[in-house]
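The structure that follows is given in the form of structure tokens.
The values are calculated or read from the model by the stated rules, or taken from the named source; none is laboratory data. Model, not experiment: these values are computed from the prediction. Cβ coordinates were reconstructed from backbone atoms using ideal geometry, including for glycine residues, and neighbour counts include every protein chain displayed.
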Amino acid sequence: MEVLRTAILEMCRQTKKDGFYPAEVLKLMFPQDWEQFLEEIITVALEMYKEGLIQITQNGMPIDSDSVPKGPIMISRNPNQSKR
């Protein structure tokens, strides 16, 4: 879903902290039913991670791009990407 990709990139641009949870993006977009989109945003985030657009960590460590993480993940700007 292209709107989720755009929202993730925008949150990376705006955030001043080390990262954010996918649910934070969804709660801004879909305050009443954000939980319905959790699986979809994880899928989109993993695609973006594999493309090198974002960084995904779990317990402070980058995740394995070949597996689906179990438990909470954090999304942040890819430190190797230039700021836009």
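What tally of residues in region 40-84 results from selecting those that are more than 17 Å from Lys17 (Cα to Cα), touching a residue at least 40 places away in the same chain (Cβ under 8 Å) and among the β-branched types (Val, Ile, Thr)?
Result for region 40-84: 1.
Something else about it: Restricting the search to region 1-24, which residues are under 11 Å from the mean Cα position of the chain (by Cα) and under 20 Å from Pro79 (Cα atoms)? Reasoning before the result, please.
Initial filter on region 1-24 (under 11 Å from the mean Cα position of the chain (by Cα)): 4-12, 19-24.
Across region 1-24, the qualifying residues are Arg5, Thr6, Ala7, Ile8, Leu9, Glu10, Met11, Cys12, Gly19, Phe20, Tyr21, Pro22.
Let me ask something else. Go through region 61-84 and report how many residues are part of a loop (DSSP other than H, G, I, E, B), at pLDDT 90 or above and not charged (D, E, K, R).
4
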